[in-house]
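A short worksheet on the structure shown next.
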Amino acid sequence: MTGSLVAQSEIHARRILIVDDEEANILLLSSVLEREGYGNIHTTTDPTAALEAFIRIEPDLVLLDLMMPEVDGFQLLEAFRRHDRPDAFRPVLVLTADTTIAARRRALALGAKDFVSKPFDVVEIALRIANLLETRILYERLRAGPA
Amino acid sequence: MTVLRGLTRFWADRPLALKGLVVVALPLAILLGALVLLYAASNAEVRAEEDVRRAVAIQRDTYQVHALLAEAAAGVRGYALTGEPRFLEPYRKAEAELPQTMQRLDEAIRDPEVRGHFNRINDLTVRKREGLKRIVDLADDPAARRGEPSLIEQALVANKIVLDAMRQEIDLMQRRESVLLEQRRARVDDVRDRFLLLTAISALVGLLGSLAAVYLFSTGIVRRVRMLEANAELLARGEALTNLPEDADEIGKLAQRLARASALLRGREQALRESEERFRLVIEEVRDYGIFALDRDGTVTSWNLGAQRIKGWEADEILGHHFSRFYPDETRAFLPGEMLERARTAGTAEDEGWRLRKDGTRFWANVVITALHDEQGELRGFAKVTRDMSERRRSEEALRVAREEAIAASLAKSEFLSRTSHELRTPMAAILGFGQLLELDEDALDPRQREAVSQIMKAGRHLLALINDLLDISSIEAGGAELENAEIDLGELLQEVHALVAPVVSAAGLQFSLQGPEQPLIAWADRRRVVQVMLNLVSNAAKYNRTGTMVRLSCRASGRFVRVEVEDDGPGVASAEVPRLFTPFDRLGQQNRSRIDGTGLGLALSKRLIESMGGKIGYEAPDHGARFWFTLPVRPPATKRGAGS
């Protein structure tokens, strides 16, 4: 994290939405994020409520499970894209136990910015999350014009 | 008999030109002979008639001699008695004519007997003339007249005696001449008879000769030509020829050539017949194809067993009927005509559709109609081949269903695997994730807790490896292995693997040697999977080589394959264990399990991966140590399996 263009505090202040039907996973991810210092974490185990949460919270990053009952991650990816501004850079990190290449390709094609297989390395996932948020912050700065 | 036969043979063998010459020359020669005979006969007749004429002349002249002398004698007597000169007229006439007559007689007489008489007559004539002369002289002598008249008397008497002798001689001669004349007349008759006979014989011989010539022609040549003609007729009808004698003349040669031609023709005909018969049998016995013929209008003219089997009609039930009855109601009105028209114009017409059997049931048929033309290009009819496709249609249907089911099953299996993967990995994520979190904050733990977390992590990782391998194997076996085959450079790959696994090998205290290919070596395989197998084999070698010093990774071309070997100088594999090497969970030396990490699925997975890429994997025991090898195809197989798609 050293040498970063964006201050740690700014990254840790960002809103993160976690969508996973497994309570244990939500707990794990929350633990990892809290341990890193993130303070604005929103979670839901109900995929049908995910879109509503996405619209309401307007997260800077979404951690999304793919395999869920009723509404799966692919459908949510599409829904998020449909309900967002076209120029909004709102990265989604897909986390899934489906290790097939097909699933990976499909998710990335639907707009996911990163893809991590479960089980994952907690250090690695923390780094990827920070990277994505940093990119988003830099993008926002770019859009806002020269500081 | 032998001579006759020899002659016949000789005659038969002469060329036709000679035979013709003989046939024409023979009657000519006979005719010529007859003419010669005729000429000779007429000559003989002429000669005979000449003889007769001569005989008659002789008789006439003889009488004339007698008459002249008798009249002369009478005149002379008269003169002597009267002295009247007019009585001397006959004497002078006789004197004038006798020499000529005697001359004629002398010339004419041929017969010696007659000549004898003639000579005597001649003498008597001379004497008579002398006697008459003396009388005339005496009569003229006046002395004698006045003298002794008896001298004249005596002379007259003597003359009379000479005349009598002559008369007698003439009678004899005349008699002889008469005999001769008879003889000559008889000869003339004889010659005439002979001539007549000869003419008759000539006519007969000429006739016979002509007949013989005709016979020779008709029975010899004409008969043989007729036989030849008959043979030619037989040849034309393709029947066996009558055996003709092998004469050496033109007809004989012609007959032999005809016989040869016949033999040749019959040989060809036989071959053709046999071939036709074979063909017919084949067609008739073909059971899977209905093969039959149609005339120009579409009437069935032949029927084979296949047609009977497929359509149900016996030959005698369908021959003579129009083929439109094979078509169901909805197509019968137009399709049969259309098919024939298409065959007529394009040569052949093919169709696939419903056809009717005798019992009215339908079958799905493939039909090919081919137009048949004769040598002049005239349409003779059609050949129709019908195949019952119902079976194939059914099997295609069954195949399609089976394929769909298989795809569905495969999808279901993939779905199941995917779900299983998810279901197993999700809790593992929690276990390993929280375990890792605890490890990260181990300062907060006491040593016993630290040890517990370590054991949880170790078991968790092992479990995850097991799950991964198991899912891999299952997905390969389900045909759902995601192979991304491409041309891969083995030399490069070996370098990569060497770099990846070198730390593990050196950690085990072994030397890691690499023996790459001398030339670029390309294989058709999934790069990631090949690396996976190589890593497995090399890490196995590092793990199990507890006693040796090295691990060697090498690679070379082997025909249409490339061969990769991983060799070590460790304890190797006991020969009894070799058959179970690639069996899941059958880790060798169960006693080693506690000491050596691994899922027990590595080799089983490697085997499945290599085989799914079209290669082979195996183990062989070198003199010392262990050697695992696998092969990969150089080129993609001709028929790509749908695996991985």
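The values are calculated or read from the model by the stated rules, or taken from the named source; none is laboratory data. Everything quoted here is computed from the prediction, not taken from an experiment. In this analysis, Cβ positions are derived from the backbone assuming ideal geometry, glycine residues included, and neighbour counts consider all displayed protein chains.
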Residues being charged (D, E, K, R) and under 17 Å from A:D20 (Cα atoms): count how many of those fall in segment A:73-103. 2
Selection from segment B:300-324 of residues that are within 19 Å of B:T370 (Cα to Cα) and either surrounded by 16 or more Cβ atoms within 10 Å (Cβ to Cβ) or in contact (Cβ under 8 Å) with a residue 40 or more places away in the chain (or both): B:V300, B:T301, B:S302, B:W303, B:N304, B:G306, B:A307, B:F323, B:S324
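So that you can scan it fast, the table gives a plain yes or no per residue for (1) within 29 Å of B:A165 (Cβ to Cβ); (2) of a type in the set (D, E, K, R):
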site: B:A34; (1), (2): no, no
site: B:E50; (1), (2): no, yes
site: B:A55; (1), (2): yes, no
site: B:E71; (1), (2): yes, yes
site: B:A80; (1), (2): yes, no
site: B:A94; (1), (2): yes, no
site: B:G116; (1), (2): yes, no
Looking at segment A:14-35, is at least one residue under 30 Å from B:E415 (Cα atoms), more than 14 Å from every other protein chain (Cβ to nearest Cβ) and part of a loop (DSSP other than H, G, I, E, B)? no
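To keep it simple, each residue is scored yes or no on (1) under 34 Å from the mean Cα position of the chain (by Cα); (2) at pLDDT below 90.
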residue	(1), (2)
B:T331	no, yes
B:G347	yes, yes
B:I369	yes, no
B:E378	yes, yes
B:F382	yes, no
Where in segment B:307-353 are there helices (runs of 4 or more DSSP H), lying wholly inside it, with at least 2 residues that are more than 24 Å from B:E378 (Cβ to Cβ)? B:315-318, B:329-332
B:R362 meets each of (1) in contact with a Leu (Cβ under 8 Å, 6 or more places away or on another chain); (2) under 29 Å from A:T100 (Cβ atoms) with one exception, condition (2)
For A:T48: the one exception among (1) assigned to a helix (DSSP H, G or I); (2) buried (at least 17 other Cβ atoms within 10 Å of the Cβ): (2)
Members of segment A:100-129 found to be crowded, with 17+ Cβ neighbours inside 10 Å, in a loop (DSSP other than H, G, I, E, B) and within 14 Å of chain B (Cβ to nearest Cβ), listed by number: A:T100, A:K118, A:P119, A:F120
Looking only at segment B:329-368, which residues are under 19 Å from B:Q308 (Cβ atoms) and not charged (D, E, K, R)? B:L356, B:G360, B:T361, B:F363, B:W364, B:A365, B:N366, B:V367, B:V368
Sole exception among (1) in contact with a Ser or Thr (Cβ under 9 Å, 6 or more places away or on another chain); (2) surrounded by fewer than 17 Cβ atoms within 10 Å (Cβ to Cβ) for B:E330, by number: (1)
Residues of segment A:84-99 being over 22 Å from A:T48 (Cα atoms) and more than 11 Å from chain B (Cβ to nearest Cβ), which ones? A:P86, A:D87, A:A88, A:F89
Matching residues in segment B:377-434 (more than 9 Å from chain A (Cβ to nearest Cβ), of a type in the set (K, R), surrounded by 12 or more Cβ atoms within 10 Å (Cβ to Cβ) and assigned to a helix (DSSP H, G or I)) number 3
Provide a single number: the residues in segment B:441-471 that are part of a helix (DSSP H, G or I), loosely packed, with under 15 Cβ neighbours inside 10 Å and within 12 Å of chain A (Cβ to nearest Cβ). 1
Can you work out which of the residues in segment B:540-553 that are free of Cβ contacts under 8 Å to residues at least 60 places away in the same chain and not charged (D, E, K, R) is farthest from B:A486 (Cα to Cα)? B:T547
Hits in segment A:9-19 - residues which are over 14 Å from A:P59 (Cβ atoms) and of a type in the set (D, E, K, R): A:E10
Could you tell me whether segment A:73-83 includes any residue that is part of a helix (DSSP H, G or I), within 14 Å of chain B (Cβ to nearest Cβ) and surrounded by 14 or more Cβ atoms within 10 Å (Cβ to Cβ)? yes
Does B:E169 fit the bill of being of a type in the set (D, E, K, R), in contact with a helix residue (DSSP H, G or I) (Cβ under 8 Å, 6 or more places away or on another chain), surrounded by 13 or more Cβ atoms within 10 Å (Cβ to Cβ) and without any contact (Cβ under 8 Å) to a residue 60 or more places away in the chain? yes
Suppose the filter is under 30 Å from B:W313 (Cβ atoms) and part of a helix (DSSP H, G or I); does B:I283 pass it? yes
Among (1) part of a loop (DSSP other than H, G, I, E, B); (2) surrounded by fewer than 18 Cβ atoms within 10 Å (Cβ to Cβ); (3) among the hydroxyl-bearing types (S, T, Y), which single condition is A:Y38 missing? (2)
Selected residue (criterion: nearest to B:R296 (Cα to Cα)) from residues of segment B:317-371 that are among the aliphatic types (A, V, I, L, M) and touching an Asp or Glu at 6+ places or on another chain (Cβ under 7 Å): B:M339
Go through the residues of segment B:490-508 one by one and say whether even a single one is under 60 Å from the mean Cα position of the chain (by Cα) and away from every other protein chain (no Cβ under 14 Å). no
